[in-house]
């Protein structure tokens, strides 16, 4: 037993021991827990990466080599066709959703009018509903209205826009909200017409938000399952649905390679969006 | 009896040293104030005593028990926070009872002691309220009751009055001091408000850039500041750069101001070419005629400011130095701007300090 | 971003920043009502046509008859009655709710430490760490659920490891059942819980925790007596949020449940595309919608409430 001026004379612990047990251990223990949860969140993604590069059909840890055989299997029309469909639908629905969302976001942020809150709630309501319900509803609507012919590319695009519009509205509204309106007033004061003000002042300033909204919409559409589920038709199928259908009957690492393909697209899009528009600040801004 | 001792305590945040080799002892029942501008390390010091921060070096001892790295809940301090930190989801009673419950005091004793504490801060009968239903002053009293009910080894107060309005603040100063005195609470008080420190403290520790500038009674601190920083920080002080002109003669030590005026100072000579003479405005005198006193310097009145009971003259000494002089507001003695006068700096009120580097 | 049923990565999707801080004058605002309608018309019109009208039709269909594979124009409550009385469907509802409750509890428990860390850290990496929480969401639910399948299946990572260590002889069944669905869905929804909890914890003054410790409360007691009670609105908000998203999710139950129709969403799919009983599928969708909306409204109410004292 040591008596030490710096710590507890009445305890058996020395100063280092006290510092370790009472201060450092709880602190580092908590940080370790947080780190473990972070690791957990990336675990399945890491597993998919490993699986896609693993030569054997079942992943063994540690990996037993490196192989691109599953990528060869993934780069066939079986997978590339749905991949192309997903890309085109995502780009088109993001662009169209932004066109619909921009004026609506303007109205919601810039104007006070009776029923504004209700209108906002209505415009965002597709986000609160299970999207599978939306998918079912659109399928039944198209069928009962005699528009089954739209099923496939057209229905996918129409259905995805229902979901991407509210995302775009939300993101654009966030970027409009922090906008200093005196800049516009200054422009008009200098003789710019409202349209020229919008074109030369407002639009350039909100462009990051607009772009972020579009990227959001792209990702939502690109990853979508529950709406696509009901609106695809043979020969016109999106990648996530193709993966689901495949999984129903088979399970092999070529799926991992396919998934890496879609992850690569998202990484590229998000990286570009982050570099050019500071994407993440729109993700968690509220 | 020493309740709190800090021994060569150092705390760094990254490359910034917040507190540097601070040693301090607080006697039982003493009201000690850590005074200084923001960023001087006073709150960091308090947080190390409470256990919210670890010192990088040195030791902290509470009532003879070394507590340097013990967590806050294994020390015995009672803290009143600047924002009071009352638990919003608990009533006043539950707030005050919290510390007793954590110490597993019997229910009957909890009740008795909580009511006693609420009595002491004049809040009897408000136990069922929630903090947000109380005024700022009442919340402050709850925070105080909560801190003293456990009879801690030391009461720690972190600018507790700064969120109150001026009038309430002045009333609370006296009340807090009276309570502290009545209960004999060993108290460490942190403030940047010098008048608060002077009114309430037994001893004041003036801190600057993580170091102690001076420790002393309020009178010491005010009348005999030890450094130019203390002289400048407490009250209003004239400081004149001077250079020594002679060794100590029969009548004292002679210096000359940058403007060429010669001053006689009592006491011993000081080494160093860069010295300051410090004198408070109320200790200086002005007169129209040349006075017989020592240290009379010709001057011109540059400005007059009315401070109510006193007048504050700003005069320009021969040679260009500026000097503030307080005088009673007597109409007959009023001097006009531009008037030629004599400024007297009585030797016994002149302090000689080392000029800051 | 997208969690099996396309929910946004935000705790309160149906809120928007309030109107501009410098509102237009009243008279001006009235003059501008015309433009407001024009601005809103495209988006509202689109959603009316492809969201609200389809939903109304869905609800109408749920009250229609179904005989010999055809929809019959008659009013009936039969589909609702069938769903709420048939033990087979009640079991599905129960499983769905049970999984959703487990997911809600687990996401809050797993999310709380990270939310607390992010709410309290003064690290300059905070922005990055927050982005990392959200990053997995961007990769899509199919990818992550597939990853869990690789980990959990009979010849997957977990079972192989346990067998090689001699802890088990035969594989533990971790997928194609509620366990697998719960594990996968919890993972997908943890970021949602983190955001909801973080907002709530950030509203708690950290000096309250210091005060409690100063009064003798250990870290655990400080958490139980101060932090947890004060973050309760966030805890309940996060719970109901992940509950509602989980109840309406399709991809994870499909993949990790092995396409067995254990949950409401997978059963809706089967009824709609294999059995072709549209009215019944519609009725189930309406019931699911009701359950989810109830939870969403609760979560918004709770998350919106100010942290702190009872009102």
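Before moving on, here are some points about what is shown:
- Residue match in the range B:99-110 (condition: in contact with a helix residue (DSSP H, G or I) (Cβ under 9 Å, 6 or more places away or on another chain) and at positive phi): no
- Screening residue B:87 on (1) away from chain C (no Cβ under 13 Å); (2) touching a helix residue (DSSP H, G or I) at 6+ places or on another chain (Cβ under 7 Å); (3) under 28 Å from residue B:141 (Cα atoms) shows it passes everything except condition (1).
- Filtering A:251, A:198, A:179, A:211 for residues that are at pLDDT below 90, within 30 Å of residue A:111 (Cβ to Cβ) and within 9 Å of chain C (Cβ to nearest Cβ) leaves a single hit, A:179.
- The sole residue among A:209, A:235 that is crowded, with 20+ Cβ neighbours inside 10 Å and closer than 28 Å to residue C:46 by Cα is A:209.
- Candidate set from the range B:152-170 (those that are more than 12 Å from chain C (Cβ to nearest Cβ) and assigned to a loop (DSSP other than H, G, I, E, B)); member that is surrounded by the fewest Cβ atoms within 10 Å (Cβ to Cβ): B:165
- Of the residues screened, residue B:132 is not one that is without any contact (Cβ under 8 Å) to a residue 40 or more places away in the chain and surrounded by fewer than 18 Cβ atoms within 10 Å (Cβ to Cβ).
- Any hit, the range B:104-112, residues being within 14 Å of chain C (Cβ to nearest Cβ) and crowded, with 16+ Cβ neighbours inside 10 Å: yes
- Counting only helices (runs of 4 or more DSSP H) that fall entirely inside the range C:102-211 and contain at least 3 residues that are more than 11 Å from chain A (Cβ to nearest Cβ) and touching a residue at least 60 places away in the same chain (Cβ under 8 Å), the qualifying elements are C:178-202.
- Residues of the range B:95-115 classified as without any contact (Cβ under 8 Å) to a residue 24 or more places away in the chain and under 21 Å from residue B:176 (Cβ atoms), total: 1
- The set of residues in the range B:186-200 being modelled with pLDDT under 95 and over 8 Å from the mean Cα position of the chain (by Cα) consists of B:199, B:200.
- Matching residues in the range B:30-53 - criterion: being in contact with a helix residue (DSSP H, G or I) (Cβ under 6 Å, 6 or more places away or on another chain) and more than 14 Å from chain C (Cβ to nearest Cβ): B:31, B:33, B:34, B:35, B:36
Yes/no matrix, rows are residues, columns are (1) over 18 Å from residue C:52 (Cβ atoms); (2) in a helix (DSSP H, G or I); (3) facing chain C (nearest Cβ under 7 Å); (4) in contact (Cβ under 8 Å) with a residue 12 or more places away in the chain:
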| position | (1), (2), (3), (4) |
| --- | --- |
| A:98 | yes, yes, no, yes |
| A:105 | yes, yes, no, yes |
| A:109 | yes, yes, yes, yes |
| A:137 | no, yes, yes, no |
| A:143 | no, yes, no, no |
| A:160 | no, yes, no, yes |
| A:164 | no, yes, no, yes |
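- Counting the residues of the range A:31-58 that are more than 7 Å from chain C (Cβ to nearest Cβ) and outside any helix (DSSP H, G or I) gives 4.
- Residue within the range A:248-257 that is more than 17 Å from the chain's Cα centre (by Cα), buried (at least 19 other Cβ atoms within 10 Å of the Cβ) and outside any helix (DSSP H, G or I) present: yes
- Meets criteria (part of a strand (DSSP E or B), away from chain C (no Cβ under 14 Å), under 18 Å from residue A:15 (Cβ atoms) and touching a residue at least 40 places away in the same chain (Cβ under 8 Å)) for residue B:61: yes
- Selection of the range A:66-84 for residues being in contact with a helix residue (DSSP H, G or I) (Cβ under 7 Å, 6 or more places away or on another chain) and away from every other protein chain (no Cβ under 14 Å) yields A:66, A:67, A:71, A:73.
- Test: residue A:204 is more than 11 Å from every other protein chain (Cβ to nearest Cβ) and either assigned to a helix (DSSP H, G or I) or surrounded by fewer than 17 Cβ atoms within 10 Å (Cβ to Cβ) (or both): yes
- Output for the range C:263-284, where each listed residue is surrounded by fewer than 23 Cβ atoms within 10 Å (Cβ to Cβ) and more than 10 Å from every other protein chain (Cβ to nearest Cβ): C:270, C:274, C:275, C:276, C:277
Yes/no matrix, rows are residues, columns are (1) surrounded by 13 or more Cβ atoms within 10 Å (Cβ to Cβ); (2) more than 18 Å from residue B:69 (Cα to Cα):
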site: A:25; (1), (2): no, no
site: A:30; (1), (2): yes, yes
site: A:43; (1), (2): yes, yes
site: A:49; (1), (2): yes, yes
site: A:57; (1), (2): no, yes
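- Some residue of the range B:12-27 being part of a loop (DSSP other than H, G, I, E, B) and within 14 Å of another protein chain (Cβ to nearest Cβ): yes
The values are calculated or read from the model by the stated rules, or taken from the named source; none is laboratory data. Just so it is clear, the structure is predicted and the values come from calculations on it, not from any experiment. Note that each Cβ is placed from the backbone with ideal geometry, even for glycine, and that neighbours are counted across all protein chains shown.
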